[in-house]
Amino acid sequence: MFNDIGALELVTLVVLAVLVFGPDKLPKVIQDVTRTIRKIREFSDSAKQDIRQELGPEFKDFEFEDLNPKTFIRKQLDNDELGLKEIRNGFDLKKEMAEVADAVHSRDTDSSSSGSSSAGASGSGSGRVDMSKKPGPAQKPAADDRPPFDADAT
């Protein structure tokens with residue numbers, strides 16, 4: 001119930017309880033709180049039992065924790081009837097990424113080794129696009145080459 005309370009929080013709660021209720025009334029308050037919690041648990045257990053009886057024998061394995069969506073989905077995914085474990089295990093991302101990397105690297109070496117021949121092959125309709133940069137003369141823009149100026153745009 002209180003799994004995430006550390007020692008420091010527990011000491012703080014005890015000190016606050018002593019300050020608020022006083023050392024004389026604190027044992028009586030603790031008894032009242034535990035009695036109330038016990039009655040709430042008994043009430044909820046009897047309510048669960050009544051619901052199970054009303055649902056009938058078809059739902060004898062029914063757990064109220066299954067009504068939590070996270071628990072329900074986790075239980076359904078762990079179910080072996082659907083074959084989801086086989087599908088999940090069938091996806092090997094490392095293997096897939098290695099295959100993709102090999103394919104990319106093999107294309108890079110092919111296109112760099114046949115740089116000039118692939119340009120002629122791409123024009124002949126082979127369906128392969130040459131994405132390597134073509135070495136060309138370094139063109140420096142001339143000082144006269146300015147982009148067009150539109151006076152109405154400003």
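Bear in mind these aren't lab numbers, they're just calculated from the coordinates by the rules spelled out. Please read these numbers as outputs of a predicted model, since none were measured by experiment. FYI the Cβ positions are ideal-geometry reconstructions off the backbone, even for glycines, and counts take in every protein chain you see.
A straight chain from K60 to K25 at 0.36 nm per residue would run longer than the Cα-Cα distance by 8.1 nm. Take the Cβ atoms of K94 and K70, set R0 to 30 Å, and the FRET efficiency comes out at 0.60.
Between the beta carbons of T34 and E9, assuming R0 = 22 Å, the FRET efficiency works out to 0.70 to the nearest 0.05.
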